[in-house]
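The values are calculated or read from the model by the stated rules, or taken from the named source; none is laboratory data. Quantities reported herein were computed from a predicted structural model and do not represent experimental measurements. No Cβ is skipped: glycine too gets one built from the backbone with ideal geometry, and neighbour counts run over all protein chains shown. Side chains are part of the model used for accessible areas, which takes the heavy atoms of the whole protein and leaves out ligands, DNA and RNA. Shrake-Rupley method; radii C 1.70, N 1.55, O 1.52, S 1.80 Å.
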Amino acid sequence: MGPVKIVIAGGGISGLATAYHLSQYLPESPLPFQITLLEARPSFGGVIRTLRQGDFLAELGPDSFMADKDAVFELCSALNLGHELTGIVPGSRNIYVCENGQFYPFPQGFHLMVPANLMSLAQTSLLSWPGKLRAAMDLLIPARKGETDESIASFVRRRFGGEVLRRIVQPLLGSIYGADLNELSMRALLPRFVEMEKRCGSVIRAMRAGTKKKKEAGNQGASAQMQQYGMFVTLRSGMETLCRKLRDASTHVDFQAGAEVTEIRPGPPWKILLKGGRMVEADLLCAALPAFQAAPLLKGAAENLGQKLKNIGSKSMIVVNLGYERTAVPQLPAGSGFVGSSGDGVEILGGSFSNAKFEGRAAEDKVLMRFFIGRKACDGLLDEDDAKIVESLRRKLALLLDVRAAPLFSDVRRYKNQMPHYKVGHLQTLAEIRQEAAPFETLFLTGNCFTGAGVTECASQAKQTAGKIKEMLNRISRDREAKSGHAVA
Ligand SMILES: Cc1cc2nc3c(=O)[nH]c(=O)nc-3n(C[C@H](O)[C@H](O)[C@H](O)COP(=O)(O)OP(=O)(O)OC[C@H]3O[C@@H](n4cnc5c(N)ncnc54)[C@H](O)[C@@H]3O)c2cc1C
């Protein structure tokens, strides 16, 4: 029998990290196997893309990953990228909430919606006194009963009140997920806070107890990394370096760019049809695709599974990088950026002052900024040309930041349906997907639509997926041995 054929569809971080972990297993595998990675686009990395142009180093997709989990740190260490890691410039770690054109500092000592102590709550200029008192009532409100999911908006309103939701949590999380928090699942996206409420009633009290415990245990693993880099970490030469290094280190993988999967016929062997008419066969198939792209491909092989994947839904976002002469930009608020400006014209979910945020993003005499346009404004602009999008944004920037000069450099990226939408009930949808996928033992699903959309979560899930594929290889090996044993007997 020949080597086991493993095909991974999708060459974003999820597919690349799965391929990397599997390729590391090759020397010790009881069975020979070959890995093919099929990517529709001409290059790998998915939404992770870095553009070096003249005096600018612009991130076109994610600009960082979160330091709260180990997965990306582990990859960077294995790929000798430790020297590349860097956090937000220490003096720039604060951000602003922009409301009606005014920039308010994000409250110090807040962990998302939770004030670390009553002093940080008292001191913030973002909340009115009635808003602060309402937030402090978290200390008295009993825990919600039952295990049903609720929206993030409902949780925050219940525990901390409408003002914390409107002025802190919606701007912050809305800019990350590009969605209305009334729609997003608390249990899927912020399970930590659900667990805190369950454990202590008050989330503020639970947070304080957790911080104390962490201090007593000393800084280890993820907390040590957060201590070193802060919450957000990037690579000096850009996020794309991680993808390039993953590819370089996966020496036994057959990487095929420009290989768009158009249909998947059930297996094993799975028959994977590519644009142009070519067909690839797989004993084990891993779909590392966004749900909205995996759904129609899998529908022929597993109709219900395709339908369930479609239920996950997605949102769109436009990312615009603008580079300027430093002299053309008035003094920007000191920090790494802002979240949450809405109003007439372009709706900016957030903006990063990229060269203040991370070192090496622009030459000394230049300024680089990037902006996220989402929700309704994004839907209205997705099909417009780049010039129109930049013009709309410039009108808004003139009002917001008093930036009136024409940019030296601009780049517009449209992420149509690329943001998975973790709706209320997402965990139930996941359970249904698992149930529908269970009969297909040689099919593996991974990607940003399941258990976390951040780069860190995708990398972590890819490692688990590679682990499941290894288990399957071991099982196939045992089955083959048993069969050959019978044959000999
Ligand atoms: C604009 C933006 C900003 C973000 N910012 C951050 C951030 O700062 N920090 C963070 O942690 N996360 C961020 N995220 C989220 C995170 O970057 C993504 O969730 C993650 O990179 C997704 O990786 P993936 O491999 O699962 O999917 P993708 O990157 O979408 O990769 C999927 C790949 O599959 C390919 N493909 C699709 N269909 C086919 C087909 N039919 N045949 C073959 N190939 C196919 C695609 O071309 C693509 O390369 C951001 C996301 C976006 C869109």
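Which value, in Å² and to the nearest 10, is the accessible area of PHE65 when all protein chains are kept and the probe is 1.4 Å?
Accessible area of PHE65: about 0 Å².
What lysines could a cross-link reach from LYS366, if we take a straight Cα to Cα line under 17 Å and drop same-chain neighbours fewer than 8 places away?
Output for LYS366: LYS357.
Under a 1.4 angstrom probe, counting protein chains only, how are TRP129, TRP270 ranked by accessible area, largest first?
Working: TRP129 155, TRP270 0 Å².
Order by accessible area, largest first: TRP129, TRP270.
Can you give the local net charge around TRP270? Use residues other than it whose beta-carbon is closer than 13 angstrom to its beta-carbon, Lys and Arg +1, Asp and Glu -1.
My count for the surroundings of TRP270 gives -1.
Please work out whether the chain counts as rounded, prolate or oblate from its C-alpha gyration tensor, where a ≥ b ≥ c are the square roots of the eigenvalues and a/c under 1.5 means rounded, while otherwise a/b larger than b/c means prolate and anything else oblate?
prolate
What dipole magnitude, in Debye to the nearest 20, does the chain give about its Cα centre under +1 on Lys/Arg Cβ and -1 on Asp/Glu Cβ?
Charge dipole, the chain, about its Cα centre: 1080 debye, nearest 20.
Give me the extension gain from HIS111 to LYS145: residue separation times 0.36 nm, minus the current Cα-Cα distance, reported in nm with one decimal. Can you show the working numbers first?
On the way: separation 34, 0.36 × 34 = 12.24 nm, distance 2.39 nm.
Taking HIS111 through LYS145 to full extension adds about 9.9 nm, to one decimal.
Ignoring everything except DSSP H segments at least 4 long, calculate the 222 nm mean residue ellipticity for the chain; use -39,500 (n - 2.57) per segment, divide by total residues, nearest 500.
Value at 222 nm, helices only: -11500 deg cm²/dmol.
Roughly how many Å² of HIS111 are accessible to a 1.4 Å probe, to the nearest 10?
80 Å²
Taking the Cα atoms of segment 109-218, what is the range of coordinates along each of the three principal axes, in descending order and whole Å?
Answer, in whole Å and largest first: 37, 34, 27 Å.
What's the local net charge at ASN304, with K and R +1, D and E -1, over the other residues with C-beta under 13 Å away?
With Lys, Arg at +1 and Asp, Glu at -1, the neighbours total +1.
Leaving ligands, DNA and RNA out of it, report the carbon-plus-sulfur percent of the accessible area of the chain at a 1.4 Å probe.
52 percent
Could you do me a favour and compute the accessible area per residue for segment 109-218, 1.4 Å probe, result in Å²?
47 Å²
Give, as ranges by residue number, the residues of segment 456-488 whose backbone N falls under 20 Å from the point 7 Å along Cα→Cβ of GLU28.
Counting backbone N atoms under 20 Å from the label point, the list is 460-479.
When only Cα pairs under 8 Å and 6 or more residues apart are kept, what is the percent relative contact order across the chain?
Working: 956 pairs, mean separation 120.9, N = 489.
Once normalised by length, the contact order is 25 percent.
Can you compute 3J(HN,Hα) from phi for each residue in segment 60-72, using the Karplus curve 6.51 cos²θ - 1.76 cosθ + 1.60 with θ = phi - 60°, rounded to whole Hz and x for Gly and Pro?
Rounded to whole hertz, the list is 8, x, x, 10, 6, 10, 8, 8, 7, 9, 8, 3, 6.
Tell me which lysines have Cα within less than 30 Å of LYS275's Cα, excluding those fewer than 8 residues away on the same chain?
Partners found: LYS5, LYS245, LYS299, LYS308, LYS310, LYS315, LYS416, LYS463, LYS468, LYS470.
GLY87: net charge of surrounding residues, Cβ under 13 Å, Lys/Arg +1, Asp/Glu -1, itself excluded?
On the way: positive: ARG93, ARG236, LYS357; negative: ASP63, ASP68, GLU84, GLU359.
Residues close to GLY87 contribute a combined charge of -1.
Once you have the Cα-Cα distance between LEU382 and LYS213, take 0.36 nm times their residue separation minus that, and quote the gain in nm to one decimal.
56.1 nm
Over segment 316-420, what relative contact order in percent results from Cα pairs under 8 Å that are six or more residues apart?
Once normalised by length, the contact order is 44 percent.
Run the numbers on segment 109-218 and let me know its relative contact order in percent, using alpha-carbon pairs under 8 Å that are six or more apart.
For segment 109-218, the relative contact order is 32 percent.
I'd like the accessible area for MET137, computed on protein heavy atoms only with a 1.4 Å probe and all protein chains in place. Round to 10 Å², please.
Probe radius 1.4 Å; accessible area of MET137 about 90 Å².
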